[in-house]
1. Using the 10 angstrom Cβ neighbour count as an exposure proxy, how do 239, 61, 289 rank, fewest first?
2. Arranged by the count of other C-beta atoms within 10 angstrom, fewest first, what order do 146, 28, 248, 19 take?
3. Could you state the angle between the C-alpha long axis of helix 243-257 and the longest principal axis of the C-alpha atoms of the chain, as a value from 0 to 90 degrees rounded to the nearest 10?
4. If you project the alpha carbons of the range 57-145 onto their three principal axes, what span does each projection cover, largest first, in Å?
5. What is the angle, in °, between the Cα long axis of helix 195-211 and the longest principal axis of the Cα atoms in the chain? Nearest 10 is fine, range 0 to 90.
6. Tell me what the chain gives for mean residue ellipticity at 222 nm when only DSSP H runs of n ≥ 4 count, each as -39,500 (n - 2.57), the sum divided by the residue total, rounded to 500 deg cm²/dmol.
7. If a/c stays under 1.5 just call it rounded; otherwise compare a/b with b/c (prolate if a/b is bigger, oblate if not). Do that for the range 175-247, with a ≥ b ≥ c from the square roots of the Cα gyration tensor eigenvalues.
8. Using the crude model of +1 on Lys and Arg Cβ and -1 on Asp and Glu Cβ, and no other charge, please compute the dipole size for the chain relative to its Cα centre, in debye to 20.
Amino acid sequence: MEEPGKQTVGVVGSGVMGHGIAMTFARHGFRTIMYDISEEFLKKAMDNISSGRFGLQKLVDKGSITAQQKEEIIGRIMATTSLKDLSGCALVVEAAPEDRNLKGKIFSELDSICGRDTILASNTSGIMISDLSSFTRRGDRFVGMHWFNPPQVMKLVEVVRGPETSQKTIDFITDLSRRMEKVPIVVNDAPGFFTTRFINSWLMEAYRIFEQGVAGIREIDEMSRLAFGFPMGPFELSDLIGLDTMLHVAEYMFDETKNPAYSAPTVLKKLVLSGYLGKKIGSKGGWYDYYSLQKSNR
Ligand SMILES: NC(=O)c1ccc[n+]([C@@H]2O[C@H](COP(=O)([O-])OP(=O)(O)OC[C@H]3O[C@@H](n4cnc5c(N)ncnc54)[C@H](O)[C@@H]3O)[C@@H](O)[C@H]2O)c1
């Protein structure tokens, strides 16, 4: 693999995950092109990279990087609304919303735009790589590269091997992940892979326990921390992930497996339909905001 400074990588989508993935690439020396559908989203993403909760200014304040290094990292990121700018990338990581048809359309466009050697990767939470790769003619250079939130901090990269993914592609992704101080673990393709299948059943069960009135949101979060040592309870965690993403994942997991344990309970749908999407741009708030509003309206 070439030196990071000589390689350009692309990120499609600059939301919760995309901006963090772009920042991580740039911080480790890669020239990074970040694509989104509007200048407004890209501006918010660049602001987050510079001064968000997990942004570069925080690293400067902690003394992990200098102010000059911050500027160099930002200088390695180019923001664009033209997908064609990704044509020369060695790797493009897609982090667009969790919608199979939307991702399929993006991959089919990338497949015709990008050079023969470009590896296409999806950060999907659980849509099968076998399915997404079928939108391209490069199954051997198609792979799941599943990052965790926040990508700047979380160590794991779940690398998902599709039916045609070559060993060369797997080696490229695992090598690149290690260069970014991540721990890549390779799994085989299935709905939700390992991590999403595991966490989805846990989160949906917590929502159902709450829906049945067994315990409140705050209590379930606190018990999860105190009893099991989890760093965050299920409601705090799902606010961080994004409730629309959780709903998409649950619907997909249920459709694919027909296992009722994966299905989304009504409480989750109510929040998403009312615009409570968790801690993300454009959201009215998360679980705690929604239920404190319900209480004050009674
Ligand atoms: N949020 C998490 O904790 C988490 C963790 C791991 C994986 N994921 C996965 O990462 C992906 C992105 O999730 P997110 O939480 O960052 O979502 P998000 O909604 O925060 O960001 C999605 C971004 O994609 C952009 N977008 C919309 N349409 C697009 C298009 N046609 N082409 C390109 N970009 C488009 C949006 O403008 C937005 O900036 C999803 O597949 C999700 O399942 C999310």
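1. Details: 239 25, 61 9, 289 16.
So the residues, fewest neighbours to most, are 61, 289, 239.
2. Details: 146 25, 28 18, 248 21, 19 31.
Neighbour counts put them in this order, fewest first: 28, 248, 146, 19.
3. Tilt relative to the chain: about 90 degrees.
4. Here the spans come out as 45, 27, 23 Å, largest first.
5. Once rounded, one gets 20 degrees.
6. Working: 13 runs with 144 residues, N = 298.
Computed mean residue ellipticity for the chain: -14500 deg cm²/dmol.
7. Details: a/c = 2.56, a/b = 1.83, b/c = 1.40.
Prolate shape, in that a/c is at least 1.5 and a/b is the bigger ratio.
8. Numbers: 36 positive and 36 negative charges, 72 e Å.
Magnitude of the dipole: close to 340 debye.
Taken together, the values in this text are just the output of simple stated rules run on the coordinates, not laboratory data. Everything numeric in this text was worked out from a predicted model, so none of it was measured. Cβ atoms come from the backbone with ideal geometry, glycine included; neighbour counts cover every protein chain shown.
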